[in-house]
Amino acid sequence: MFCHFMFSKVFTRVPRRWVSTSSKPWYITTPIFYPNAIPHIGHLYSLVTADIFARYHTLKNPSRPVCFVTGTDEHGLKIQKAALDKGLPPKEFCDGISQQFRKLANEADVDFTKFIRTSEEAHYTSVEHIWRQLDRLGLIYKGSYSGWYSITDECFYTEGQVLHIAEDGNTPARTISKETGATVEYSSETNYMFRLSEFREALLKHYTSNPNSVVPQSHHAHLVSLLQSPLEDISISRPRSRLSWGIPVPNDSEHTVYVWFDALISYLTGIGYPWPDSGMSKGWPVDMQVIGKDIVRFHTIYLPAVLLALELPLQRQILAHAHWTSSQKKMSKSLGNTTDPFQAIQEFGIDSIRYYLAKVGGRFQDDVDWSHVQLAKHDKELQTILGNLFMRITSPAIASRMAPASSDIHNETFVPLLIASKALPSLVSSHMDRVNVADALEAVVDVLKLANKCLTDAVPWKSSPEVARASYDSCLEALRISGICLQPFIPRVAAELLDALGVSSAERSWNHGHTGSLGNVVSGVRLFRSKS
Ligand code: MSP
């Protein structure tokens with residue numbers, strides 16, 4: 001069990017040195033991925049979700065830079081074991097799979113600004129720097145730790161958190177984590193401990209005064225309730241004899257830094273920590289951290305406690321998304337039920353995948369089941385409401401009969417469409433600000449569906465030249481505004497659409513949804529022609 005030492009200083013201080021939002025880049029992160037196995041759809045989901053927010057913020061405020069950090073979490077027993085199984089040195093093993101994650105991000109149009117690997121020298125410097133500071137503050141001590149460790153989850157469990165399963169036929173007796181079902185093994189060893197217990201009050205204060213700091217709300221509520229009870233100190237090292245693949249503990253090469261302690265610091269390394277002149281980095285604090293619901297505790301308790309100790313501002317918002325499942329079971333390499341994202345991209349094109357991930361998984365609250373049939377349905381929907389709309393409205397049948405452009409031409413059928421189009425950027429923004437990507441995307445889909453309906457109702461290819469003209473102008477305006485709003489979600493198709501509409505690159509930011517204009521429209525462009 002954890003050792004408890006008396007420590008008088010209680011950390012209740014509110015973090016200082018906040019940087020005004022206007023002077024710092026907007027900073028977003030994904031978790032750094034374990035390169036023990038090739039990426040699956042769940043990983044792509046974290047990447048795409050963060051990319052949607054990153055792109056949205058760039059469009060909303062083009063003069064403010066966005067920093068977007070992703071990468072791989074390369075130390076720990078899980079990687080050590082996987083490398084051993086493959087007969088490769090851990091670094092060499094990680095080189096190959098880390099490259100796959102980078103490739104996936106690139107193929108998925110994930111516009112990261114930094115891909116960090118925890119095996120990089122700069123990261124070692126950062127971790128050592130933080131370790132020494134915490135040590136100087138008296139927040140690290142050597143203790144004896146006994147408990148259960150899961151290599152799959154890379155975390156310790158107490159006796160109360162595990163389940164002992166008796167031998168059954170062919171299956172030998174084993175102990176598993178109640179929460180994740182992963183096998184655990186007993187260990188009793190000397191570890192360095194971090195005085196997490198000292199930070200409970202400060203954390204509780206932070207979360208009670210910042211209700212939107214963790215979303216969806218259910219995670220925030222759970223956290224606040226968890227923080228009503230004492231926190232135990234945590235082990236932050238393993239004996240080198242057990243774990244050799246990791247950052248050595250400063251001044252004690254017999255111990256290796258615990259992989260989560262190392263990994264969480266990557267968010268600081270990614271923005272240049274330790275920053276020079278002992279001042280504040282231009283990027284910290286991180287504005288949004290996209291994580292999966294399985295790693296909430298690490299991000300909402302462990303990392304913030306370290307930040308409080310270092311007197312750094314806490315993360316502004318943590319978005320904890322639900323999981324993609326396969327036949328209702330969490331998709332994971334250890335269960336062998338994953339979907340290969342590269343194959344899915346090859347088959348449908350990245351924008352259809354992004355569309356499906358965002359539309360079905362963009363409320364973040366509940367787990368969603370991956371379905372090839374549903375993906376195909378969403379791919380078709382996108383082509384119908386967007387690709388076909390563009391083809392129909394720019395067809396020669398309408399162009400050849402429509403009246404010349406004139407501000408006098410109005411048609412009742414298209415008034416609701418014009419109103420809905422005008423309101424769209426603000427509506428999408430309001431959903432994005434409430435961290436609801438699915439509803440944001442749905443709002444654009446609604447406008448596109450309305451445009452399709454108006455077109456069908458007005459039959460401009462058979463109606464008067466005035467109706468043809470009104471159809472053309474209204475639908476193209478709806479497409480222009482939709483194209484601008486679709487950029488965060490399906491950047492490739494949105495760019496093709498805006499190109500086809502002749503919208504100049506200087507007129508594609510969010511504000512141009514209200515003020516921009518069309519250029520020379522190229523008719524008959526087949527959107528979605530490239531699959532990857
Ligand atoms: N290395 C740690 C994170 C360290 S962050 C300082 C880790 N890596 S992971 O590769 O196991 O998972 C990375 C992310 O992918 C997590 O946010 C996790 O929730 C997410 N997903 C893994 N499987 C997933 C699904 N089946 N569905 C959705 N997201 C999933 O944890």
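The values are calculated or read from the model by the stated rules, or taken from the named source; none is laboratory data. Note that the coordinates shown come from a computational prediction; the quantities given were computed from them, not determined experimentally. Don't worry about glycine lacking a Cβ; one is built from the backbone with ideal geometry, like all the others, and counts go over all protein chains shown. Note: accessible area is taken over every heavy atom of the protein model, side chains too, but ligands, DNA and RNA are not part of it. Shrake-Rupley method; radii C 1.70, N 1.55, O 1.52, S 1.80 Å.
General observations
- Residues satisfying the stated conditions in the range 306-330, i.e. part of a loop (DSSP other than H, G, I, E, B) and open to solvent by 20 Å² or more (accessible area, probe 1.4 Å): E311, R316, Q317, H323, S327, Q328
- Any hit, the range 25-43, residues being open to solvent by 60 Å² or more (accessible area, probe 1.4 Å) and at pLDDT 90 or above: yes
- If the condition is being in contact (Cβ under 8 Å) with a residue 60 or more places away in the chain, more than 9 Å from I41 (Cβ to Cβ) and part of a helix (DSSP H, G or I), then the range 331-348 contributes F342, I345, Q346, E347, F348.
- Within the range 250-305, the residues that satisfy the criterion of being assigned to a strand (DSSP E or B) and either more than 21 Å from A54 (Cβ to Cβ) or more than 14 Å from the ligand (Cβ to nearest atom) (or both) are D252, S253, E254, H255, T256, V257.
- Within the range 382-399, being touching a Phe, Trp or Tyr at 6+ places or on another chain (Cβ under 8 Å) and surrounded by fewer than 20 Cβ atoms within 10 Å (Cβ to Cβ) holds for Q383, G387, S395, A397, A399.
- A count restricted to the range 144-182 and to residues that are part of a loop (DSSP other than H, G, I, E, B) and either open to solvent by 60 Å² or more (accessible area, probe 1.4 Å) or not charged (D, E, K, R) (or both) stands at 14.
- Options S421, S474, S430, S463; residue that is out of contact with any strand residue (DSSP E or B) (no Cβ under 8 Å at 6 or more places or on another chain), among the small types (G, A, S) and in a loop (DSSP other than H, G, I, E, B): S463
- Test result for K359, open to solvent by less than 50 Å² (accessible area, probe 1.4 Å) and within 23 Å of P488 (Cα to Cα): yes
- Restricting attention to the range 335-363, the residues that are near the ligand (Cβ under 10 Å from one of its atoms) and either out of contact with any helix residue (DSSP H, G or I) (no Cβ under 8 Å at 6 or more places or on another chain) or among the aliphatic types (A, V, I, L, M) (or both) total 3.
- Residue under evaluation P25, criteria (1) within 20 Å of I236 (Cβ to Cβ); (2) touching a Lys or Arg at 6+ places or on another chain (Cβ under 9 Å), criterion not met: (1)
- Single residue of the range 183-194 satisfying the filter (among the hydroxyl-bearing types (S, T, Y) and open to solvent by 10 Å² or more (accessible area, probe 1.4 Å)) that is nearest to V259 (Cα to Cα): Y192
- Annotation note: Cβ proximity below 7 Å between a residue of the range 43-57 that is part of a helix (DSSP H, G or I) and a residue that is of a type in the set (F, W, Y) and away from the ligand (no atom under 14 Å from the Cβ) (sequence gap 6+ or interchain) occurs for A50/F68; I52/F489; A54/F68; H57/W26.
- Residues that are touching an Asp or Glu at 6+ places or on another chain (Cβ under 9 Å) and either within 8 Å of the ligand (Cβ to nearest atom) or open to solvent by 10 Å² or more (accessible area, probe 1.4 Å) (or both), drawn from the range 44-61: R55, H57, T58
- When the range 62-100 is filtered for residues that are open to solvent by 40 Å² or more (accessible area, probe 1.4 Å), part of a helix (DSSP H, G or I) and closer than 30 Å to Q317 by Cβ, only Q100 remains.
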